[in-house]
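Please treat every number below as a calculation from the coordinates, not as lab data. Model, not experiment: these values are computed from the prediction. Heads up, the Cβs are rebuilt from the backbone with ideal geometry, glycines too, and the neighbour counts pull from every protein chain shown.
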Amino acid sequence: MHTRPRILVIEDDFVSQQIIAQCLEKHGFRVSCATDGESGLAQLSHDSIDAVITDYMMPRLDGIGLLKKMKEKPIAVPLIMMTAHGSIPNAVHAIQLGAADYLTKPVNPDELIVILQQVLQEREWRSEIEPWRDEAGGEAHFSNIIYKSRAMQQVCQLVADLAAMDSTVLIQGETGTGKEMIAKAIHSHSRRKDGPLIGFNCAALSENLIESELFGHEKGAFTGAIKTRIGRFEQADGGTLFLDEVGDMPPATQAKLLRVLQEKEFERVGSNATIKVDVRIITATNKDLHQVVRDEKFREDLFYRLNVVLIQVPPLRERLEDLPPLALYFLQEYVNRCNKEINDVEDGAIQLFLAQPWPGNVRELQNVIERCVVLEKEHVLRKRTVASCLQLGFPQNKTAVFQLGNSYHEVKDELLDRFDRDYIITFLKKYDGNITKAAKAAGLGYRNFYEKMKKHGINKWEFKHKSV
Amino acid sequence: MEHVDLSYLIKLAEGNKQFVNEVINSFIELTPRYVQEVRHQCEAKNWPGLQASAHRFKSAVKYFGLNETAQIIETIEANATEPADRQNLLELIASMNANYEVALNELKNILNNFDLQPQH
């Protein structure tokens, strides 16, 4: 069901509260209000809230206190902090503690809506990857990583050894092997565990935007820089910065990153003021970075800086003994999530999984199992359902589905499902995983398109690196 | 002496006069209490309380373009820390109050002759 996002506005000045609420309602949001952090927290605990916009200074529980309480509980709702004009240190502090963004008062209505939409989109993206993150990394306790293989045992041992150090780490592995999960485990066992873990995908943005995202920018530094923005390095101060797909970083940014690694300092775009940070860098790539260096697409000096410790995450096909426990874990996860009653697996079903090459690795396995759970109508996960779901991932004869002996309606539903899935994939491929663009080109609304992706277990990040 | 500037509210309202009316009404109804609270906290030498109440009042005045008043309040907020100069704070509050009274009357007049035109 399509519902409008509900935003909680926490502001002790009723005049400001009224103004912000009006601005949000005008743009189609539903609004709840609170006058202090404590009553806001109570609402967050009981109501379904999609984002919080809160004042920094409030009676009883201020904005920072609220952020900390939300983290403790935990309440995973993005929070936008409103600070007084010019109080950037407060904004930096809030973002380091986990605020999604900040606004200066008096709030600019256009800026408010743009930031809120970005934050909600980010939340949607997070909800896509969170199940995967949670699965193997749990809340980053790598002892919870599900594995049986010796190869993963070695990876986990290395992660344990690294936790006590502050070394820069390079994680290499194919798409879907769980590189981000490994980074999270390293951070959460390091001395920086109480500091922030900030992630950034170097392949997701253009060169100019990457610099602005990583190093921040000053208001007016370029067209569209409507306010000072704090970059990921500043956000990660005292913690860890995880740079995913580092092999795709543009050359100019590579030079700047090298300087941060050497000097521990940088400047925001459009500023001469040098900012010093204490950040541990963990990078990841699905490429052979040494080869990228040989191809002269990556700086050799940067490569050696990043490659202090290398963790090679093996692909799923090379550690098939991990597949059964992973499959059963995902099955349980989706059975709970989809409120299904599947309490057994038919003999031979796991063998069907074991026979696959899994080019998309654990993430692909997860997606297939989600699909199996959605489509299974019995209390047992049948071989027939598994076979059907596995075939969907590969080029096939469209009549194959008829041979499964299903009823007319089952076959029709199945074919329509296939059509839906193939259609969505085609557009995501064309637009490199950009849902907004793909949905627009397909003539579908963003939410409708996204719901279809979710239904079919399609992850947009699998389409971000089609050239690899 | 500065004047009320409703351009922000009018832009936000996009022609919805009732909304502007409601916000002005809220300001007229609520802010006397805010001002009283600022004065009370200063007299009670409750500096964190003064900071909080000044901060709340500052938020409200900014939406009415009362930048000079907002600056005075900001100074009050910044100076309300141990060891605070109470006399200086009371003078700042008096200055804030003088500005505020003018703005309040201006808003009451606007409300009485309510016919807002977009301001450019």
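Tabulated data for the structure shown
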item	result
Average projected area [Cα convex hull, the range A:150-313], square nanometres	9.4 nm²
Low-density loop cleavage sites - chymotrypsin sites (Phe, Trp or Tyr not before Pro) in the range A:207-311, where at most 15 other Cβ are within 10 Å (DSSP)	A:F222
Pairwise FRET efficiency - A:T3 versus A:D344, Cβ, R0 = 41 Å, nearest 0.05	0.70
Amide H contacts of A:I171 (H built 1.01 Å from N, under 5 Å, at least 5 apart or other chain)	A:T283, A:A284, A:T285, A:I311
Calculated Rg and Dmax of the range A:209-282 using C-alpha coordinates, Å	11.8, 32
In degrees, nearest ten, helix B:67-79 long axis to first principal axis of chain B (Cα)	20 degrees
For the protein assembly as shown, the spread of Cα positions along each principal axis, largest first, Å	84, 59, 40
Mean residue ellipticity (222 nm) of the protein assembly as shown, computed from DSSP H runs ≥ 4 via -39,500 (n - 2.57), nearest 500	-17000 deg cm²/dmol
Ranked B:M1, A:M82, A:M152, criterion: other C-beta atoms within 10 Å, fewest first	B:M1, A:M152, A:M82
Cα centroid separation, the range A:86-126 to the range A:8-34 (Å)	15 Å
Loop GluC sites (Glu not before Pro), the range B:1-95, which have at most 13 other Cβ atoms in a 10 Å radius of their Cβ (DSSP)	B:E14
Partner lysines for A:K68 [C-alpha distance under 24 Å; skip if fewer than 8 residues away on the same chain]	A:K105, A:K184, A:K193
Tail weight of P(r) past 25 Å, computed on alpha-carbon pairs of the range B:7-113, percent	24 percent
